[in-house]
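Here's the structure, in structure tokens; my notes come after.
The values are calculated or read from the model by the stated rules, or taken from the named source; none is laboratory data. Just so you know, these numbers come straight off a predicted model, no measurement behind them. As a convention, Cβ positions derive from the backbone with ideal geometry for all residues, glycine included, and neighbour counts pool all protein chains shown. Only protein heavy atoms, including side chains, enter the accessible area calculation; ligands, DNA and RNA are left aside. Shrake-Rupley method; radii C 1.70, N 1.55, O 1.52, S 1.80 Å.
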Amino acid sequence: MNGILFLIPVALGLGLLGLFAFFWAVGRGQFDDLDGAALRIFMDEEPAEKEPPDAAL
Amino acid sequence: MNNPAPLPVAGAALAISRFAVPGMRCAGCIAKLENGLAAVPGIAAARVNFTAKQVQISHDPALTAPALLKALAGLGFEASPLGDALAGPDGEARQLVKALAVAGFAAMNIMLLSVSVWSGAGGLTRDLFHWLSALIALPTVAYAGQPFFRSAWNALKAGHTNMDVPISIGVTLATALSLFETITHGAHAYFDSAVMLLFFLLAGRWLDAVMRDRARDGVSALLKHMAAGALVVGDDGQSQWMKAADIRPGMKMLLASGERLAADGVILNGRSHFDQSLITGEAMPVAIGPGGTVLAGTLNTGDAVEVAVTAAGADTSIADIARLMQDAAQGRSRYVRIADRAARLYAPAVHTLALCSFIGWMLAGAGWHEALLIAVAVLIITCPCALGLAVPAAQIVATGALMKAGVLVKDGSALERLAEADAAVFDKTGTLTLGSPEPVDLSMLDATQSGIALALAQCSRHPLSEALRTALTAAGTVPQRVTLVTETPGEGLTGQWHGQVVRLGRPASDDGDMMAAALSIGAAPEFLLRFADPLRPAAAATIAELAHLGLPARILSGDRPEPVAAVAQALGVPGEGGLNPADKLAAIKSLAANGRRVLMVGDGLNDGPALAAGHVSMAPGSAADASQNAADAVFLGSSLAPVATAIRAARATQAVVRQNFALAIGYNIIAVPLAISGLVTPLVAALAMSGSSIIVVANALRLKGSTR
């Protein structure tokens, strides 16, 4: 019984953690462009793309 | 949207613009767009949404829409600006997926606790597990049940019922009773049933929302924006780009060749050809000179002209058509979905049944507590879990299959109405035909003549010239050296070739019936080049198949009666020409008054009101954006065949929906007597609910091949 009292909150907490992670991902728009995400892995130079534009201005 | 915000360019606030770029196809396009745009001065960042075929650009506010379009064109992509009205998903699917996640999480945990109770946990352990279940279930019902509670409340306020009323009552009663059971140390709590019910129903609701978003994204990505604005000349002669909404009557617009008008007006200077097919449906451009009226939405195919604005915004003739469309669409909003029609019979039946079993058990001498438990079991068992999934599951599988076949269906209700159509009305230009002229008999020209024709044709943007250029280039013609080419709107092109005057233009003998151009070289008699607007591939076969499916077709067109009659005769259907948008609307309404359910297929803005008034409507992917918005479905590609495919798939879907209803009713016939006789424990309810849902979804999956 003591085991259960300890394990149930742990199980629920882990589940809630997963739920919040999902909420966070939905809120950040990670599921908005599923087809695009699948294609982006083929792009080589993506990490470099984030820096240059600001330097130009 | 919520993409990570780019770092703002030092101090300046960034403007955000969105463009539909239908041409992106691969990872290379994403990289090219994002990197290429980011390299343009003034653009801070660009983010592609491949699913929606859109790109979002954060840029210096000084950069205007045309400048950004030019940057996109420089990268090789045709793009069109998207207005705020289409700015991203409205978040309904996102809300539902969150509710679904919460319900799923709760259902799993409560089920885990419930299994221990069912396998014999008693006394303190059972009470503890019931309390834990209550702790999870109460917030879940309050959060995940909202879509149903809200919709049920709205329906009740309006004085009718829908599927959500029995759902809301069932879930609320089951939760309340289970809470009471928990407090009084009872044996049976239905928390798992209540939450699982929400989970299954939310799955159905979410599928419905995804289907709508997917089709709308597809449609908005195809949008060809009419005119977002115009170059306005001020009193001081300075010209500046102005949004369509800011243009006022009395202003002077400069309209370049190839631009669409953003407002109605009168030509002040210049003479040009205007493609009015958007408004009138006529394929041939009309020559308009100074003093002539030009309408918003028409395309300037000739020279640059200066236009004085006479009406802008809501006063333009295009806005009139839009209003006509809005009025016509109201009839359609009265359509009641099949699930709600079922609910109108189902909900009272279920409530009566539950009430009767409560009264029956009270009369039979059971305590009110036991009678109430049984009544709630009846409510849970009959709760339209399978019914709630039956329709959306079938419809999303069918729309997925249709999408692969080139038809974007906007929502489930469109699919239902598509299955009911029993008459078809087609527009001619751009719908039955491709909407672009093609030369008929080029073989009679020799190589020199073809070369001269090509040299002249490539100097003009007149549709006939462009058609000639495309056809001759495809035939491998080499252009001759023609110099001093000039274009006179309404007359044609003239030039010099080896000292001779050559001319490509309006034939001297204009029979008016057929599109034609004349080619003359020196003093030799002129050649007549005839053009025709070819029928879409599979047009005749599709019309025949529709007739076979019980949808006799007819043509209603805004084009001149002669070409309409020719097409009608070729396809063997009745046809009427010379109709304005209001005439078409009236024709559709009179068909509807005779009890026909009309499938309207059209592409131009002039078809808009008819598209909105039809029982169901389809538009080709090449259609005007307003027409695509008014239509229930959009078919892609040049072939007309998807129209018949859509009808067949919609009917197959309807058949599966009916089977699913039959399955759900069959399940109720077995389960309800058990519930009334008090044999349904929470365990039985859970098994019955998931069993029937799985059967219904499995049956819906058979529709995957429905478009073959």
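Peptide A:30-39 is shielded by partner chain Cβ atoms: per residue, an average of 6 of them sit within 10 Å of its Cβ. With contacts taken as Cα pairs under 8 Å at a separation of at least 6 residues, chain B carries a relative contact order of 13 percent. The angle between the Cα long axis of helix B:27-38 and the longest principal axis of the Cα atoms of chain B comes to about 70 degrees, rounded to the nearest 10. Compared with the dominant Cα axis of chain B, that is its longest principal axis, helix B:164-183 is turned about 30°. Each of B:P166, B:Q449, B:L464 was placed along the dipole of the protein assembly as shown (beta-carbon charges, centred on the mean Cα), and the one lying farthest toward the positive end is B:P166. Taken residue by residue and averaged, Cβ atoms of other chains lying within 10 Å of the Cβ of B:39-47 number 3. Net length available on complete extension from B:T486 to B:H498 is 2.7 nm, with 0.36 nm assigned per residue and the Cα-Cα distance removed.
Take each peptide in B:420-426, B:246-252, count the other Cβ atoms within 10 Å of every residue, and average; sorted highest first, the result is B:420-426, B:246-252.
Label-to-label distance, B:M444 versus B:A474, with points set 7 angstrom from Cα along the beta-carbon direction: 2.0 nm.
Separation of the alpha carbons by more than 21 angstrom is noted, of B:K53/B:K404; B:K53/B:K410; B:K404/B:K704; B:K404/B:K589; B:K428/B:K589; B:K32/B:K404, for B:K404/B:K589; B:K32/B:K404.
Model label points for A:L17 and B:L124, set 7 angstrom from Cα along the Cα-to-Cβ axis, are 3.0 nm apart. Listed by chain and number, the lysines whose C-alpha is less than 23 Å from the C-alpha of B:K243, apart from same-chain residues fewer than 8 away, are B:K70, B:K224, B:K252.
Taken residue by residue and averaged, Cβ atoms of other chains lying within 10 Å of the Cβ of A:4-10 number 2. Taking label positions 7 Å along the Cα-Cβ direction at both B:Y335 and B:D60, the computed distance is 5.0 nm, reported to one decimal. Per-residue extension of 0.36 nm, minus the Cα-Cα distance of B:R344 and B:A73, leaves a gain of 92.2 nm for this segment.
Against the main long axis of the alpha-carbon atoms of chain B, helix B:561-571 sits at an angle near 60°.
Could you tell me the distance between the Cα centroids of region B:665-708 and region B:110-171, to the nearest Å? So the two Cα centres are separated by 19 Å.
The helix-based estimate of mean residue ellipticity at 222 nm for the protein assembly as shown, built from -39,500 (n - 2.57) per DSSP H run of four or more residues and divided by its residue count, is -16500 deg cm²/dmol to the nearest 500. Heavy-atom accessible area, probed at 1.4 angstrom with all protein chains present, ranks B:M362, B:M24 as B:M362, B:M24, highest first. Taking a sphere under 14 Å around the Cβ of B:C383 and counting the other residues whose Cβ falls inside, with K and R at +1 and D and E at -1, yields a net charge of -2.
Highest mean packing first, where packing is the average number of other Cβ atoms within 10 Å per residue, the peptides B:122-134, B:438-450 line up as B:122-134, B:438-450. Highest-first packing order for the peptide set A:30-41, B:144-155 is B:144-155, A:30-41, based on the mean count of other beta carbon atoms within 10 Å. Please give the net charge around B:P290, taking every other residue with its beta carbon less than 11 angstrom from that of B:P290, where Lys and Arg add +1 and Asp and Glu add -1. Taking every other residue near B:P290 into account, the sum is 0.
Placing +1 on the Cβ of every Lys and Arg and -1 on the Cβ of every Asp and Glu, with nothing else charged, gives chain B a dipole about its Cα centre of roughly 1720 debye.
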